[in-house]
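The structure appears below as structure tokens.
The values are calculated or read from the model by the stated rules, or taken from the named source; none is laboratory data. Remember, predicted model here, so these are calculated numbers, not experimental data. Don't worry about glycine lacking a Cβ; one is built from the backbone with ideal geometry, like all the others, and counts go over all protein chains shown.
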Amino acid sequence: MVASGSQEEQVGRLIIAGVIIMMLPAIPFGNYVMYPFVILGTWFHEMGHGLAAMALGYGFEKLILYPSGSGMAISSVRADTSGLSHAIISAGGPLGPSVVGSLLILASSKAKLWRPTLYALAGAIMLSTLIWVRSATGIAVLPLIAGLLIVIAWKSRDSIVLFALQFLGVLAALSMFRDWDYLFSYSAEIGGNTMLSDTGAMEEALLLPYWLWAIVIIGISGLMIGASLKYALKEDGRASRWTRLDRY
């Protein structure tokens with residue numbers, strides 16, 4: 001029997017979350033259930049672009065989410081912006097979901113962070129919708145997701161809150177695989193227009209081929225997610241051992 005709160009239970013939860021995410025599109029109506037989370041994954045990606053631009057001192061103008069699940073972040077940069085800055089902004093998108101996923105998985109290791117993290121994520125979604133989102137899909141879907149997160153954090157028992165946190169963390173981490181073809185493409189169709197992919201834009205900015213940048217991004221993402229899982233499971237195991245000692 002697996003002890004409640006044990007490391008084995010936490011691994012099991014993460015595996016279940018991953019299986020649900022991977023299997024939902026394959027079952028009847030699963031795509032409809034998954035659709036809000038596809039939009040959320042795109043929001044993670046596009047916010048990564050926008051926040052990277054802001055971190056470099058440039059403007060984040062607006063975020064557009066299309067019904068197809070694709071999106072676009074529009075930033076304003078100077079004409080003399082360096083190739084490195086353009087590459088960092090481009091990389092911010094595909095790395096964004098991995099950063100968020102890592103942070104959510106890390107937060108799942110501390111019970112005191114579970115509810116505040118869901119509230120913080122809901123607040124970030126609502127704030128970004130008010131400031132940057134300029135598309136009907138985003139305005140319709142994102143507040144619903146934020147509202148659901150608030151209800152879960154406010155009303156649900158701890159096990160549901162924890163699973164929601166881990167589900168979102170795994171969802172963000174696995175969204176990289178949903179974008180696999182996009183990463184390994186020089187260009188893509190977004191909103192009905194053909195344009196450079198993120199890795200294609202990195203090739204234009206830094207010369208090295210797009211497929212090499214895709215490998216670099218996947219490697220960085222894997223390191224982030226792996227490190228967060230290692231830490232979270234280590235902390236869960238430590239907490240479980242202390243809990244068992246307290247009972248004696």
From the options LEU118, LEU171, residue that is modelled with pLDDT of 90 or more, buried (at least 21 other Cβ atoms within 10 Å of the Cβ) and either within 30 Å of TYR231 (Cα to Cα) or touching a strand residue (DSSP E or B) at 6+ places or on another chain (Cβ under 6 Å) (or both)
LEU118
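Table: residues versus (1) in contact with a Lys or Arg (Cβ under 7 Å, 6 or more places away or on another chain); (2) surrounded by fewer than 21 Cβ atoms within 10 Å (Cβ to Cβ); (3) not polar (S, T, N, Q).
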residue: LYS62; (1), (2), (3): yes, yes, yes
residue: PRO67; (1), (2), (3): no, yes, yes
residue: GLY71; (1), (2), (3): no, no, yes
residue: THR81; (1), (2), (3): no, yes, no
residue: ALA91; (1), (2), (3): no, no, yes
residue: PRO97; (1), (2), (3): no, no, yes
residue: VAL100; (1), (2), (3): no, no, yes
residue: LEU104; (1), (2), (3): no, no, yes
ILE139 fails exactly one of (1) crowded, with 17+ Cβ neighbours inside 10 Å; (2) in contact with a Ser or Thr (Cβ under 9 Å, 6 or more places away or on another chain); (3) at pLDDT 95 or above, namely (1)
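So, of the residues in region 17-34 that are out of contact with any helix residue (DSSP H, G or I) (no Cβ under 8 Å at 6 or more places or on another chain) and part of a helix (DSSP H, G or I), which turns out to be modelled with the highest pLDDT? Break it down into steps so the answer makes sense when it comes.
Within region 17-34, the first condition is being out of contact with any helix residue (DSSP H, G or I) (no Cβ under 8 Å at 6 or more places or on another chain), and the residues that meet it are 19, 26-29, 32.
After this cut, where a residue has to be part of a helix (DSSP H, G or I) as well, the list is 19, 26, 32.
Numbers: VAL19: 70, ALA26: 70, TYR32: 83.
Looking at the filtered set, the residue picked out is TYR32.
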Quickly run through region 163-191 and pick out the residues that are farther than 22 Å from ILE16 by Cα and of a type in the set (Ser, Thr, Tyr).
TYR182, SER185, TYR186, SER187
Checklist (1) touching a Phe, Trp or Tyr at 6+ places or on another chain (Cβ under 9 Å); (2) outside any helix (DSSP H, G or I); (3) hydrophobic (A, V, I, L, M, F, W, C); (4) more than 11 Å from MET47 (Cα to Cα) applied to ALA79, failing item
(1)
Just one of VAL161, VAL100, VAL151 is free of Cβ contacts under 8 Å to residues at least 24 places away in the same chain and in a helix (DSSP H, G or I); which is it?
VAL151
